[in-house]
1. Residues of segment 47-68 being in a loop (DSSP other than H, G, I, E, B) and either at pLDDT 90 or above or surrounded by 13 or more Cβ atoms within 10 Å (Cβ to Cβ) (or both), which ones?
2. Select from segment 69-86 the residues that are touching a residue at least 12 places away in the same chain (Cβ under 8 Å) and either outside any loop (DSSP other than H, G, I, E, B) or in contact with a strand residue (DSSP E or B) (Cβ under 6 Å, 6 or more places away or on another chain) (or both) and list them in ascending order.
3. Yes or no: segment 55-68 includes at least one residue that is in contact with a helix residue (DSSP H, G or I) (Cβ under 7 Å, 6 or more places away or on another chain) and within 17 Å of residue 18 (Cβ to Cβ).
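The values are calculated or read from the model by the stated rules, or taken from the named source; none is laboratory data. All values derive from a computational prediction rather than experimental measurement. Using ideal geometry, Cβ is built from the backbone for each residue, glycine included, and neighbour counts are taken over all protein chains shown.
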């Protein structure tokens, strides 16, 4: 078990540190945060808020595509590369 209560994996520790950086001290069980769906939205919002606190003022879209671009089908997800800078 990790030294941080409720953190069992390196990703749990990452989430714990990210949530604390943006002032979210109310999340206790990081093992239930999925990297997808709501979990991904929370992660992106936390990432943007953390970047703002570190001085970022704008974002630059590097590239984007969907899984449909690679393998067309009924279900697909989107991907984007973004750099946040001051």
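1. Within segment 47-68, the subset in a loop (DSSP other than H, G, I, E, B) is 54-57.
55, 56, 57 - these are the residues of segment 47-68 that are in a loop (DSSP other than H, G, I, E, B) and either at pLDDT 90 or above or surrounded by 13 or more Cβ atoms within 10 Å (Cβ to Cβ) (or both).
2. 78, 79, 80, 81, 82, 83, 84, 85
3. Initially, segment 55-68 is screened for residues in contact with a helix residue (DSSP H, G or I) (Cβ under 7 Å, 6 or more places away or on another chain), giving none.
Looking through segment 55-68, none of the residues is in contact with a helix residue (DSSP H, G or I) (Cβ under 7 Å, 6 or more places away or on another chain) and within 17 Å of residue 18 (Cβ to Cβ).
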